[in-house]
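Participant: Once you've had a glance at the structure underneath, I'll fire off some questions.
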Amino acid sequence: MKTERSALSGWRSILNGGAPKSARCELWRFSLRALLGLLVAFVACFPASAQVATPSSVDIYPNGATMSFVLPSGEAEIIVPPAVDAESIDFLPDPGVRVVSVVKEKVYLGDWVPDGLLPLKKELDECRAEIDAMESAIAALKQSILHLEQVSLSAESDDLARSLPALEERREVLELEVRRKAHELEAEVARLNFLQEEWNSRAPSDKNGIRVAVVSEGEGNVTVRAQARGASWTPTYEIAGDFSSGRLTIALQAEVAQKCGVPWGGELALHTVKPAESVVIPELAPLVVDFKPPVKIFRSLEAGITKDSAQFAKEVLETKTDIVYLVDGNVSGDGTPSYLPLDEMTLEAKMDVVCVPDFDAAAWMIAETEPLDRPLIPGEAQNYIDGTPSGKIKLAAANRGEPVTIPLGRVPLVTATKERLIPKGDEKWWGKGWLEEGFEIRVNNGLSSEVEITLTDRVPVSAHDDIKVETKEISPKPAEQTDKGIITWKLRLASGQAQAIKLRYRITYPADKEISISEYR
């Protein structure tokens with residue numbers, strides 16, 4: 001008897017501590033789950049009493065938006081979506097309509113789910129139900145194992161020899177089933193966590209709406225306006241340069257996102273500037289000249305900040321303070337970005353292949369456009385050269401009538417390498433009060449066609465009358481040399497052709513001095 005009991009005790013040790021200790025424990029857990037289920041059912045009997053309203057029109061700014069809801073005169077009420085400040089709500093009656101009274105109060109939306117999140121909510125509920133079923137099945141299997149542990153066999157009877165193998169086999173089957181379901185449960189829990197993260201990122205963080213009740217007199221409507229948080233739009237561009245035709249296409253689209261919980265549809269107004277909350281008259285402070293305070297050894301350094309659907313917009317409105325794009329589109333209320341085409345222009349442009357070997361051995365393609373017939377707003381741009389992605393840039397704002405110069409990207413098959421020249425024989429390139437420098441720049445055209453290349457390099461310029469810079473050799477002759485020492489060559493190279501550029505200069509200065517060469521910015 002002691003041997004069999006020891007074996008059964010060993011089986012108990014295989015089970016983790018999560019196994020139920022008794023049937024009474026399982027009954028208590030079942031009762032608790034039933035009580036919680038009744039409580040949930042009781043709460044579910046009291047859903048939100050009204051539907052969250054969808055705006056009639058929306059004005060969207062780079063940060064924030066204004067939603068407008070049109071209510072008929074008389075007695076009317078709506079529930080404004082989450083992410084709205086009650087203080088921002090105002091009322092605009094039509095001519096001939098008088099607002100008698102208004103009520104604004106917060107309401108808890110309970111189990112309200114935005115329409116766009118209903119499929120995800122269904123998937124979440126199904127996943128949770130599957131986990132509950134798996135946990136229940138595992139609990140039942142562990143309860144069966146517990147019953148096997150409590151089977152009592154007499155060591156003196158023949159039942160032990162006959163029943164023990166069957167009990168062991170049954171125990172093994174149950175243990176394997178527990179482990180199999182535990183693995184399935186682990187995978188389902190991982191799926192639930194993934195779905196829950198997606199839910200948290202898309203669902204409105206605020207569960208409170210605002211009930212707005214309006215009583216008005218007269219014939220017409222009352223427009224309720226509310227400022228929405230968590231909404232924004234960003235201009236983005238696709239810029240495509242065609243080298244052979246010399247045409248540049250600039251396509252503007254808007255990336256719009258919001259998490260109010262209700263979709264925005266119909267005509268949307270995209271503003272480039274948000275109205276100022278307060279306006280003051282600018283007043284210049286006087287400038288004061290004083291002696292500088294003594295410089296301390298330890299001081300803080302302040303870092304400088306550099307601020308640098310296929311239908312287009314139906315109309316572009318330009319005011320003295322804003323550019324507004326009116327476009328038909330749909331924006332979901334769960335934070336998923338929508339991309340709305342706004343404008344496209346095709347311009348004649350001069351395509352230049354530019355080499356600056358001090359910066360990069362590979363050439364760059366630069367497009368210089370004709371004067372613009374409409375302004376450009378700033379935004380990030382994805383560039384293309386002959387249909388191939390070539391890089392991203394930040395496009396600066398440009399006014400109507402201005403040409404713009406746009407770097408399209410690198411041209412790796414056109415290169416310019418720069419190497420220092422080495423003195424020959426007894427030739428001396430430096431001494432007391434003077435030095436010489438020389439470089440050879442080798443330009444290669446690896447394209448399959450002839451190309452005109454603009455090569456730019458530099459020689460030092462003197463910052464002092466006692467320092468002289470003399471150009472000893474420049475070959476071939478450059479197209480331009482500025483008083484700042486910038487030298488430009490215009491080269492036309494056939495496919496596979498290379499050309500060498502030589503540049504040499506001498507610097508003289510007082511023999512008792514030392515010089516340094518640095519970039520001036």
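Any read-out appearing in this document is the output of simple, stated calculations on the displayed coordinates, not a laboratory observation. None of these values were measured; they are calculated from a predicted model. Please note: Cβ atoms are built from the backbone with ideal geometry, for glycine as well, and neighbour counts cover all protein chains shown.
Participant: Exposure proxy check: Y61, Y325 ranked by fewest other beta carbons within 10 Å?
Facilitator: Fewest-to-most Cβ neighbours within 10 Å comes out as Y61, Y325.
Participant: If you find the alpha carbon centre of the range 433-453 and of the range 476-496, how far apart are they in angstrom?
Facilitator: About 9 Å separates the Cα centre of the range 433-453 from the one of the range 476-496.
Participant: Select from the range 455-506 those GluC sites (Glu not before Pro) which occupy a DSSP coil region and have at most 15 other Cβ atoms within 10 Å, ordered by residue number.
Facilitator: Taking the range 455-506 and a limit of 15 other Cβ atoms within 10 Å, no loop GluC sites (Glu not before Pro) are found.
Participant: With the Cα gyration tensor of the range 56-108 giving a ≥ b ≥ c as the square roots of its eigenvalues, does the rule (a/c under 1.5 for rounded; else a/b larger than b/c for prolate; else oblate) give rounded, prolate or oblate?
Facilitator: Judged from the Cα gyration tensor, the range 56-108 comes out oblate (a/c at least 1.5, b/c at or above a/b).
Participant: Mind giving me the nanometre distance, one decimal, between the label points for R98 and A187, set 7 Å out from Cα along Cα→Cβ?
Facilitator: 7.1 nm
Participant: I want to make sure I understand the PRE zone here: with the label point 7 angstrom from the Cα of A397 toward its beta carbon, which residues in the range 52-80 have backbone N atoms less than 16 Å away?
Facilitator: 61-63
Participant: Based only on other Cβ atoms within 10 Å, what is the fewest-to-most ordering of M345, M351?
Facilitator: By the 10 Å Cβ count, ascending: M345, M351.
Participant: A follow-up question, please. Placing +1 on the Cβ of each Lys and Arg and -1 on the Cβ of each Asp and Glu in the range 381-464, which of T454, P423, T405 has its Cα farthest towards the positive end of the resulting dipole?
Facilitator: Checked the options; the winner is T405.
Participant: Also, I was wondering about something else. Give the order of R374, R171 when sorted by the count of other beta carbons within 10 angstrom, beginning with the fewest.
Facilitator: R374, R171
Participant: Further question on the same structure: Is the shape of the range 327-479 best called rounded, prolate or oblate, per the rule: a/c under 1.5 gives rounded, else a/b larger than b/c gives prolate, else oblate, with a ≥ b ≥ c the square roots of the Cα gyration tensor eigenvalues?
Facilitator: Prolate, because a/c is 1.5 or more and a/b exceeds b/c.
Participant: Rounded if a/c is under 1.5, else prolate if a/b is larger than b/c, else oblate: which is the range 421-508, with a ≥ b ≥ c the root eigenvalues of its Cα gyration tensor?
Facilitator: Since a/c reaches 1.5 but b/c is at least a/b, the shape of the range 421-508 is classed as oblate.
Participant: For the range 421-508, what is the charge dipole size about the Cα centre, in debye to the nearest 20, if Lys and Arg each add +1 at the Cβ and Asp and Glu each add -1 at the Cβ?
Facilitator: Roughly 120 debye for the range 421-508.
Participant: A follow-up question, please. Okay, which of the range 430-461 sit inside 12 Å, backbone N to the point 7 Å along the Cα-Cβ direction of A500?
Facilitator: 439-443
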